[in-house]
Amino acid sequence: MKSITKYIEEKLKLTVNKEKSKVGRPWKLKFLGYSFYNVKGGVEFRVHEKSVKKLKEKIKYLTGRSRIGNIRTAYLKIKQVIVGWINYFKLARMKNKLKKIR
């Protein structure tokens, strides 16, 4: 980490946030909600478990019994969240992740 930080700060003249920055295996790290894994012929990315968990929590909140409001408004908000989430993660493999949500 020290050598990488030194290179980035001295050669590239960029500042590194040492609290947020990590060095590790790609399949163990989360980057913009994605994680990476090896396949034949290269590397692909999938939705990280934390991102799926956050989506589930948001859907549970929006569909909770304690929510007061019109069913139409709730439907539109849920649709907006799901469409936005899928559009953001459309590059990832998420066939298995979506099965777990159901």
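The values are calculated or read from the model by the stated rules, or taken from the named source; none is laboratory data. For clarity, every value in this text was computed on a predicted model and none was experimentally measured. No Cβ is skipped: glycine too gets one built from the backbone with ideal geometry, and neighbour counts run over all protein chains shown.
For K22, work out the one condition from (1) over 15 Å from the mean Cα position of the chain (by Cα); (2) within 29 Å of M94 (Cα to Cα); (3) basic (K, R); (4) surrounded by fewer than 10 Cβ atoms within 10 Å (Cβ to Cβ) it doesn't fulfil.
The number of the failed condition is (4).
Confirm whether L32 is within 30 Å of A74 (Cα to Cα), surrounded by 10 or more Cβ atoms within 10 Å (Cβ to Cβ) and out of contact with any Lys or Arg (no Cβ under 8 Å at 6 or more places or on another chain).
In short, no.
Quick one: what pairs do we get from region 9-37, first residue within 14 Å of H48 (Cβ to Cβ) and without any contact (Cβ under 8 Å) to a residue 12 or more places away in the chain, second charged (D, E, K, R) and not in a loop (DSSP other than H, G, I, E, B), C-beta under 7 Å, 6+ apart or different chains?
Y37/E44; Y37/R46
Mind checking whether some residue in region 40-63 is at pLDDT below 85, out of contact with any strand residue (DSSP E or B) (no Cβ under 8 Å at 6 or more places or on another chain) and of a type outside the set (D, E, K, R)?
yes
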